[in-house]
Each structure stands twice: as structure tokens, then as C-alpha cells.
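As C-alpha cells, the structure follows; a few thoughts come after it.
The values are calculated or read from the model by the stated rules, or taken from the named source; none is laboratory data. Source: prediction; values computed, not measured. Reconstructed Cβ throughout: ideal geometry from the backbone, glycine too, with neighbour counts over all protein chains shown. Only protein heavy atoms, including side chains, enter the accessible area calculation; ligands, DNA and RNA are left aside. Shrake-Rupley method; radii C 1.70, N 1.55, O 1.52, S 1.80 Å.
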Number of protein chains: 2
Amino acid sequence: MFRSPIKHCRNCGSAVTYRVPDDGDTRERAVCPACDTIHYENPLNVVGTVPYWGDKVLLCKRNIEPRWGKWTLPAGFMELGETTEQGAARETDEEAGAKIEMEGLLTVMSVPRVGQVHLYYRARLQSDVFDPGHETIEARLFSQEEIPWEEIAFRTVRETLELYFADRAAGRFSVHNVVIV
Amino acid sequence: MFRSPIKHCRNCGSAVTYRVPDDGDTRERAVCPACDTIHYENPLNVVGTVPYWGDKVLLCKRNIEPRWGKWTLPAGFMELGETTEQGAARETDEEAGAKIEMEGLLTVMSVPRVGQVHLYYRARLQSDVFDPGHETIEARLFSQEEIPWEEIAFRTVRETLELYFADRAAGRFSVHNVVIV
């Protein structure tokens, strides 16, 4: 549907067929007719931060597709062997070169249309000097009034920013469980 | 490390080699020398519920490995096309045949050793009659005092139960971000 189908078995290289396995499963999977390997495909996690410096938040102007030139929060795919927080901190370092102290979880957002879950943490910046990586054209601080709402790359980022500012105005942060339809 | 390595390309079936791709990546990936497909492997989400009926919670006795015969909360791998909550509700139906009304997110637990993130929701049972599936020997309600703590299948389940009872005693539920080392 939203990913290229599996054509060959990762174990033996034979052409796979899509069918419901015989083990009580109810979904079609790519099954290898030669070695019986069942290939599961599951949602991916995107982990990131809302880095803040006083009353400003850090946004990154994307130097990659999709949404080249649009503004985003530092975030990317979670890797094996790391925690959600470690992944969020790594992406913040890679994309913005920002030194942060991780704070609480802010949003857990399911995006079923693309098979993803996005998790954002609040992060206190320890400096307002940044060293963005190759995926970022520019890393810059914005006050709430300065946020380029029409130039935000993704709806997950817009919702996370809106929830951050709403919680900040309310004087209390909490964790928001959100579905992006 | 904790998953069987990719041997063949999912796109063309050629034998892959593990190396750092030339696109600015910093990690070794399975790369196809024939069609250049890069194969990413990322953490999996496990989604489940803490189903409660009055002061009791529902546990399922596992009819599958690992931890056959041990007690667990209903949970399983999140599927493509669903939200975390939909996945948690589906697993609760599949494993316990329990009718529930979903409530708030309770735990977000990284388990980096196995490349997983576990998310548990509180869920109000709408009946105390259950219809467990083939993965479950028995589905049964336990008060806090009756919980078989030494027979709980996974540390994620034990931590989630402990946090549930602690929040309940405090009279206020919140979302807990946990790392299982």
C-alpha cells in the first residue's frame, strides 16, 4: 500500500508469495515457498525533540526531500539498539548540532496512513549556537509569534508545536496521544 | 545482534553486503550490490492494554513461546495501517476476547536490547466474560494482592502493572516513559 512490496526472501533470495501463513495469523505476509521464512512489515518510529531556549524553539530548514526548504523539528527514524530518547537526542545532534538536556515526552502520534509512530520530547537547549548537518540548510530559533506556520514541513511537527505552546501557556506539560488521519 | 541478518535483497534476490551506504549515513546497512537497494532495520512496537474490572486487572496465561505458561497483559506487535490504540485493542480482543473501552496511555517503554518499544493503554472492561484466543490458555481477573508476580512473563508487563497500581493508589494516572535495560 505505502511501501514497496517484498519480492524476494531475505534468507534465501527466492521469490516470495503473499498469503496468510498457516500459523494462526490473519494477515497476508510475504512467505518464502523455498525456506518458509515469513516476512513481517511493521510501523516505524520517528523520534525527535522540541528544543527550546527561553521562549524560543529551534526549527531546522530541510535540505532533503520530501519537503525540501520547509521547516521542521529535529527528528528521524529510530535505530536498533537505542531508546526513544537516545534516538531523539541523536537526531537533534545530527540535524541541528544542538546541545540539549532531554526533558519529558510531549507527543505520541500515530500516522497509520504511512505506518509510523512519531514521539517528541521536550529538550532544553544548553547553547544558542548550532552546527547543523548536511540534512539541514539552517537551524534557527523562533518565538511563538515568529513560527512560519505555513512553511512547516509535516503535520506531526505542526501539531507538536501547537501542543507545546498550549501546554506552556497553561503552565503545565503533559503527554499527548494523537492520531494523524 | 538480536535479529537474524539479512542475506538477500528483498527487491532482486541478490546476496547483500553489510556496509555504510554512500549517502551520508553513519551505520552499516545491508546494501544490494546489484540494484543498490538499502535495507533498513528498525525497532518494533509492541502495543497492549491494562484491562481493568473494578479493582481487578485481566491477565492472560501464555499458550505460546517464549514464556509458555507465564502470565502477561494482552499485547503484541503493532501492524501497518493501525494506530497504537487500535493495535492495543486488537491484541486485547485476539488474546483475551475481552470487550473494552480504551482509556489513556500509561507506559512508553524502550527495550533497546531487543530493539522494541512497548506502549500500554489503560482499558475499562465492559464485561467480565472473556473468550481467549489460541495464544492464551486462560484469561483471568486478579486483584493487586492476587497478582502472581513471580509468574509474570516479561519485565515490561511487571513494570506496567506496578505503575498502574501505584498511579491508582495515588488517585491520578499519568504517562510513564521507561527504559528497560
Could you count how many Lys pairs in chain B have their Cα atoms under 29 Å apart, skipping same-chain pairs fewer than 8 positions apart? 5
Using a label position 7 Å from Cα in the Cα→Cβ direction, what is the ascending list of nm distances from B:ARG155 to the same site in the other copies? 3.8
At 0.36 nm per residue, and after removing the present C-alpha to C-alpha distance, how many nm does the segment from A:VAL179 to A:SER127 gain when stretched out fully? 15.4 nm
Between copies, how far does the label point of B:SER4 sit from its twins, in nm, shortest first, when each point is 7 Å from Cα along Cα→Cβ? 2.4
Starting from the Cα gyration tensor of segment B:65-112, multiply each eigenvalue by 5, take the square root, and state the resulting semi-axes largest first in whole Å. 18, 15, 12
Cα point-scatterer Debye curve for segment A:1-96, base-10 log of I(q)/I(0) at q = 0.10, 0.15, 0.25 Å⁻¹: -0.47, -0.77, -1.19
Please list the non-local residues whose amide H lies under 5 Å from the amide H of A:VAL114, H modeled 1.01 Å from N, same-chain partners needing a gap of 5 or more. none
Can you divide the C-alpha Rg of segment A:1-41 by 2.2 N^0.38 Å and report the result to two decimal places? 1.08
For the interface of chains B and A, what total accessible area is buried with a 1.4 Å probe, rounded to the nearest 100 Å²? 3700
Seen from all sides and averaged, what is the projected area of the convex hull of the Cα atoms in chain A, in nm²? 12.3
At q = 0.13 Å⁻¹, what log₁₀ I(q)/I(0) does segment B:102-165 have when each alpha carbon counts as one equal point scatterer in the Debye sum? -0.45
Which whole-number percentage describes the relative contact order of chain A, with Cα contacts under 8 Å and a sequence gap of 6 or more? 22
Could you work out what % of the accessible surface of segment B:1-119 is carbon and sulfur, using a 1.4 angstrom probe and leaving DNA, RNA and ligands out of the count? 51
Vicinal HN-Hα couplings computed from phi for segment A:169-181 (Karplus, 6.51 cos²θ - 1.76 cosθ + 1.60; Hz; Gly/Pro x): 5, 7, x, 7, 9, 9, 9, 10, 9, 10, 10, 9, 8
With a bin width of 10 angstrom, please list the P(r) values of the protein assembly as shown as percents of all Cα-Cα pairs, from the 0 bin to the one holding the largest distance. 5, 22, 30, 25, 15, 4, 0
Under 14 Å from the Cβ of B:VAL114, count the other residues' Cβ atoms, weight Lys and Arg +1, Asp and Glu -1, and hand me the total. +1
Accessible area per residue, Å², the protein assembly as shown with all protein chains present, probe 1.4 Å: 46
Using the Karplus curve 6.51 cos²θ - 1.76 cosθ + 1.60 with θ = phi - 60°, work out ³J(HN,Hα) for each residue of segment A:13-22 in order, rounded to whole Hz, and write x for Gly and Pro. x, 5, 5, 8, 10, 8, 7, 6, x, 8
How much mean residue ellipticity at 222 nm does the protein assembly as shown get from its helices, if each DSSP H run of length 4 or more adds -39500 (n - 2.57) and you divide by all residues, to the nearest 500 deg cm²/dmol? -5000 deg cm²/dmol
Which residues of segment B:33-72 bury at least 40 Å² of accessible area once all protein chains are present, versus their chain alone (1.4 Å probe)? B:GLU41, B:ASN42, B:PRO43, B:ASN45
quick shape note, segment A:89-134: Cα extents on principal axes in Å, largest first -> 36, 26, 13
Inter-copy spacing of A:ALA15 label points, which lie 7 Å from Cα along Cα→Cβ, given in nm from shortest upward: 2.3
What whole-number distance in Å separates the alpha-carbon centres of segment A:1-70 and segment B:108-124? 18
Once both axes come from the Cα atoms, what is the angle between helix B:84-96 and the longest principal axis of chain B, in degrees from 0 to 90, rounded to 10? 60
